[in-house]
Each structure stands twice: as structure tokens, then as C-alpha cells.
Amino acid sequence: MTQTSTIHELDIAHAPVATDPHAAAAEWLSLGRPVALATVIETWGSAAVPTGGQMAIAGEEMFQGSVSGGCVEADVIAAAMDVIESGVPQTLAFGITDETAWRAGLACGGKVRVHVTRLMPGRDDALFQHINEARAQRTALVIETHLKSGAHKVLTRSDEVSTDVATALDRGVCQLVSVDGDDVFLHALTPPPRLVIVGATHIAQVLVTLCNAIGYDVTVLDPRGAFTSNARFAAGAVTTAWPEAQLAQLLDDPFSSVVTLTHAANIDDEALEIALRSSCRYIGALGSRKTHEKRLARLAAAGFGDADLQRIKAPVGLDIGAKSAGEIAVAILGQVIAAFRDGRVR
């Protein structure tokens, strides 16, 4: 039987509706179908999908995810069919020069390398169990894949790991490294960044919309019922509660952040004290410089030192001259994104 006829015998009606490549791969494996997993392992220039981007392929018309935004997907799918048939991993390279990039569909020039490996029903199901558990618990993991063999290993903070793996777990950095002379790709899978907004204000209303649009988890806390009404926020987007009730558990990992917006010192101070005791990535507070000086004095009197207080970014947000609620929300989110992406807060 030819490869093409094998592909068309797949029951397309059972293709998963999930757009996430991991969910799609897990579903296909559960149906007894081998899956090719294509992963971006290196990029340069105008590559549309960052390192770590993935696509799961079970047939010519059964794929989810992306490795180039559409430019080279057809070639990757063709290679995936070969990998599913042979079981031999492949590493593909596209671009490099502008002329080559045009032929590959990378019109602005650039380079992308994609590794394709086969996953088999039964043998590799546990991989997605690890991924699902990590997502549910908001913990990071790294999938270490040896390019030559396609063999993979799941690593977490409980394992004894190299410096490169530790960096991947802490920062979500995906990278190609050398281990005992072999090329190994470290694929970091970290929880989506979470922003906890203390204060159900007009700025918070815009921030919630922006966070949802870019895939961040977002939660609003405010003890003032008039601010948390359904007329102001969608159901489930806001909780009427003091920070002490829930904030500590929402900031218990380095993939979380918090911003205080209430302008009520007793509420904001309570939230900031909890945040300063946490491992969250970013802490921001709305208010003028004079307001912040008074805030710092109160927190210092509560026992926090200079190193602690320097974690608070105030006046909050990037300095872009923001005035309206929408502009301030954009400035805040930009600062939060910078904290998660490169660790620097402007």
C-alpha cells in the first residue's frame, strides 16, 4: 500500500477539533494513529513562528499548529509523512538567503529549522499525560529531545538538571544545546503568564480584555461589591474578595504577576505585602510618585527592605505618555510582557 493511500484511509471524521497541537496529537494517539511532531528548533530573521513552535501531523489533511505561519507547512507535512512511514527523524532547514527564503515562502528573508519525529500509540501517550498534568498544576517542564534518535525525556524541577535545563524551566527558554556531542533540543513548556489585578476599576476592565486577547490568564480581585458587579465584568472574570483571601495562592509560581489599581491604600498595601512575599515575576502599583513614596514608607515600616521595595514598579506601566484608561492598560501590559519575555522591566 502506498503512503498516499494509507493517508486517505485515515478517518477524517474523527479528527480532533482542538487547535492545540498537543491536544490534537494526544487525541490521534488515543485513536491508535502514529503522529509526527514537528518542532521549530532554530530561527533567524523573519521567521513567523518562534523557537518551540509546533505542529502535529497525522495525515495530509490532519494537522494542527504551525511552524512558519503557513510558509513551509506543505513541505513539513510531506516530510512528516515520510517520518511516520519510516520512523526516522528528520531535521529540515528553510531560508538562509533571501533568494532561498523567497522559494521557501519566507518573503522577508530568514531561516527556520524544523525537527520532525514520530510518536507512536501506547509508547508515547505518557508524554501528553505529563504535559496535561503540568498545565493543570501550573508547573513548568522541559522536553529534552535528541535530534538524531528522536528520543525524548521529560524533566521538571524535581529532577537533577543542567544549567541549561534550569534556565528553560525558570524562563521558558527553548534552545538547541549539545549534550555529549549530540544535538539536543530543550523545549520549555511553561504555564501561560497570569496577571492578577487588584482593583476592579475602569483600567482593569480594559486590562482583562487585553489579557484575554493575548492568551494570558487574568483574575480580578476587589472586596468592593459595587466595583465587581456583572454590569462591569463578565461572569467569572472577577471575585469579590480581599487580597488575603486568594492572592497568595494565585502568586505561588514565577509565571504570575500582580498590579494594584484600587487607589485605596488599605487594599493595595495588603496586596503588595502578599506579593512581596511571593515568587511572582512582576509587581506593579498605580499611583503618582508622591503616592508611591508614602506607600514605600508604610511598607518599610511593615518590615520590608530596600531589595523588596525595588520589586514594585510604580508609577506602573511603560513610559509612553498614557492618559486614558485604555492607554494606561496598554502601558501596564507592555511592562508585564517585558517582565515575562526577557526579565527586564522598563
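Assorted remarks:
Results for (1) of a type in the set (A, V, I, L, M); (2) within 30 Å of SER149 (Cβ to Cβ); (3) in a strand (DSSP E or B), shown as yes or no for each residue.
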| residue | (1), (2), (3) |
| --- | --- |
| LEU195 | yes, no, yes |
| CYS211 | no, no, no |
| THR219 | no, no, yes |
| PRO223 | no, no, no |
| THR228 | no, no, no |
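- Residue list for region 275-303, filter: under 23 Å from GLN205 (Cα atoms) and among the aliphatic types (A, V, I, L, M): ALA275, ILE283, ALA285, LEU286
- Of all residues in region 254-279, those being in a loop (DSSP other than H, G, I, E, B) and over 13 Å from VAL220 (Cβ atoms) number 7.
- The residue that is modelled with the lowest pLDDT, among those in region 235-251 that are in a loop (DSSP other than H, G, I, E, B) and surrounded by 13 or more Cβ atoms within 10 Å (Cβ to Cβ), is ALA237.
- Residues of region 269-279 that are under 16 Å from LEU250 (Cβ atoms), at pLDDT 95 or above and of a type outside the set (Val, Ile, Thr): GLU270, ALA271, LEU272, GLU273, ALA275, LEU276, ARG277, SER278.
- The set of residues in region 66-98 that are within 20 Å of GLU144 (Cβ to Cβ) and modelled with pLDDT under 90 contains only VAL67.
- Criterion: within 23 Å of ALA188 (Cβ to Cβ), assigned to a loop (DSSP other than H, G, I, E, B) and modelled with pLDDT under 90 - qualifying residue of ARG157, ARG135: ARG157
- Per-region count, region 276-314, residues under 26 Å from the mean Cα position of the chain (by Cα) and among the hydroxyl-bearing types (Ser, Thr, Tyr): 3
- ALA101 vs. criteria part of a helix (DSSP H, G or I), touching a strand residue (DSSP E or B) at 6+ places or on another chain (Cβ under 7 Å) and either assigned by TED's automatic domain parsing to the domain that holds ASP182 or modelled with pLDDT under 85 (or both): yes
- Test: residue in region 331-339 that is in contact with a His (Cβ under 9 Å, 6 or more places away or on another chain), among the small types (Gly, Ala, Ser), surrounded by 16 or more Cβ atoms within 10 Å (Cβ to Cβ) and more than 19 Å from PRO192 (Cβ to Cβ): no
The values are calculated or read from the model by the stated rules, or taken from the named source; none is laboratory data. Being a predicted model, the structure only gives us computed values, none of them experimental. A quick note on method: Cβ atoms are made from the backbone with ideal geometry, for glycine too, and the neighbour counts reach across all protein chains shown.
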